[in-house]
Amino acid sequence: MLNYRQLYYFWSVAKYGGVTKAAEKLHLTPQTISGQVSELESYLGTDLFIRKGKRLELSNYGKLAFSHSDEIFQIGRELESLLKGHQDHQDVVFKVGISAVVPKSIAYRLLLPTQQMTDEIRLMCHEEKLNNLFGELAIHKIDLIIADRPMPANIGVKAYSHLLGESKTAFFGTPALVKKYKKGFPDSLSSAPMLLPGEDSAIRVKLEGWFTNNNIRPKIKGEYDDTALMKVFAERGLGLFPAPEVIAEEAYKHHGVVMLGTIDEVKLRYYAISVERKIKHPAVVAISQSAKADLFK
């Protein structure tokens with residue numbers, strides 16, 4: 001099946017007059033654009049561009065492909081305009097991709113300020129693995145990513161990481177479990193049943209290193225990509241789990257778990273990732289200001 005993302009990259013190169021200009025428009029690296037266009041040419045079995053000196057010109061097949069792709073994306077723009085025409089014109093749609101490993105309570109508290117703005121914000125949240133969200137940000141399918149790690153340098157997407165704040169790592173469990181392992185914390189974790197976030201979580205590698213450095217060997221009872229599911233298991237008394245200290249109140253209120261203790265060596269950090277080098281979007285400004293003044297003060 002035709003890869004429409006690759007087709008869009010090809011169309012952008014043809015429309016904007018070169019790989020570099022297309023990369024600037026799409027907030028991607030030129031290498032990413034070139035690679036995707038090459039894959040499209042390989043799939044189609046023909047060259048879409050002819051290099052003449054330092055310039056790229058459309059081949060005959062390229063001209064045909066550009067004509068059809070231009071129609072495709074024009075139809076897409078018309079559909080988008082038509083559907084949005086039925087929405088309240090005062091609403092500002094703000095699309096956020098949330099890394100699946102970010103605790104729901106953290107995501108909620110970070111995004112809540114967008115619902116308290118004077119402008120009407122229609123918040124659209126999409127939870128996904130972080131690497132998939134980078135691609136959606138590159139093609140402007142989402143406006144912002146909330147993540148527990150900054151954007152890697154080797155992704156090939158031109159975007160910027162803005163630190164929202166950090167928290168100590170705490171361990172939580174039912175009152176009965178916390179009472180049992182309170183004495184001698186954190187060494188007491190060696191004999192404790194432990195529920196851990198999945199390998200996609202930034203805290204996972206840090207915790208494993210901390211366990212090794214401190215000669216602590218907990219009994220791993222489960223691993224969860226979804227932190228909400230991990231907490232459901234924890235509230236049934238099946239194990240302790242690590243989470244940001246700042247969620248202590250919500251963790252007790254919603255899951256009945258209490259904090260066993262914190263460790264200073266492992267910090268949890270949260271980031272807003274956007275195509276803006278300097279935050280200008282009013283909703284992102286509200287998120288950043290609230291995070292620093294309230295959640296992570």
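Listed values, structure above:
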{"read-out": "Share, in percent, of DSSP beta bridges within the stretch 144-297 that are antiparallel, nearest 5", "value": "75 percent"}
{"read-out": "Among MET124, MET230, MET259, residue whose mean-square fluctuation peaks in a GNM of the chain (springs only between Cα atoms under 10 Å)", "value": "MET124"}
{"read-out": "Heavy atoms of LYS182 accessible to a 1.4 Å probe, total area in Å² rounded to 10", "value": "110 Å²"}
{"read-out": "For the chain: accessible area per residue (Å², 1.4 Å)", "value": "55 Å²"}
{"read-out": "Calculated FRET efficiency for the pair ASP47/VAL205, C-beta based, R₀ 45 Å, to 0.05", "value": "0.55"}
{"read-out": "Nearest-10 value in Å² for the accessible area of LEU238, using the 1.4 Å probe", "value": "90 Å²"}
{"read-out": "Total charge dipole magnitude, the chain, about the Cα centre, Cβ charges on Lys, Arg, Asp, Glu only, Debye to nearest 20", "value": "720 debye"}
{"read-out": "Estimated distance in nm for a label pair at ASP119 and GLN289, the labels positioned 7 Å out from Cα along Cα-to-Cβ", "value": "1.3 nm"}
{"read-out": "Projected-area mean, the stretch 118-193, by convex hull of Cα positions, square nanometres", "value": "9.2 nm²"}
{"read-out": "Rounded to 5, percent antiparallel among DSSP beta bridges of the chain", "value": "60 percent"}
{"read-out": "Solvent-accessible surface (1.4 angstrom probe) belonging to HIS162, in square angstrom, nearest 10", "value": "30 Å²"}
{"read-out": "FRET efficiency, LYS253 to LEU112 (Cβ-Cβ, R0 22 Å, nearest 0.05)", "value": "0.90"}
{"read-out": "Rough spin-label spacing in nm, given labels placed 7 Å along Cα→Cβ, for LYS278 and HIS126", "value": "2.9 nm"}
{"read-out": "Accessible-area ranking of PHE10, PHE73, largest first, probe 1.4 Å", "value": "PHE73, PHE10"}
{"read-out": "Over 21 Å [Cα-Cα, the stretch 1-85], rounded percent", "value": "29 percent"}
{"read-out": "For the stretch 194-297: rounded, prolate or oblate by the Cα gyration tensor [a/c cutoff 1.5]", "value": "prolate"}
{"read-out": "Computed E for TYR160/GLU39 - FRET, C-beta separation, R0 22 angstrom, nearest 0.05", "value": "0.25"}
{"read-out": "Using alpha-carbon coordinates, inclination of helix 60-84 to the longest axis of the chain, degrees", "value": "50 degrees"}
{"read-out": "Share antiparallel - DSSP beta bridges, the stretch 1-158, percent rounded to 5", "value": "30 percent"}
{"read-out": "Accessible surface, 1.4 Å probe, highest first, among residues VAL13, VAL275", "value": "VAL275, VAL13"}
{"read-out": "Highest-fluctuation residue, GLU127, GLU80, GLU57 considered, GNM on the chain with Cα pairs under 10 Å", "value": "GLU80"}
{"read-out": "Fraction of accessible area attributable to carbon and sulfur, the chain (%, probe 1.4 Å)", "value": "51 percent"}
{"read-out": "Rounded if a/c under 1.5, otherwise prolate or oblate - the chain, Cα gyration tensor axes", "value": "prolate"}
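The values are calculated or read from the model by the stated rules, or taken from the named source; none is laboratory data. Keep in mind that what you see is a predicted model, and the values were worked out from it rather than measured. Every residue, glycine as well, gets a Cβ built from its backbone with ideal geometry; the counts of neighbours run over all protein chains shown. Keep in mind that these areas ignore ligands, DNA and RNA; they rest on the heavy atoms of the full protein, side chains included. Shrake-Rupley method; radii C 1.70, N 1.55, O 1.52, S 1.80 Å.
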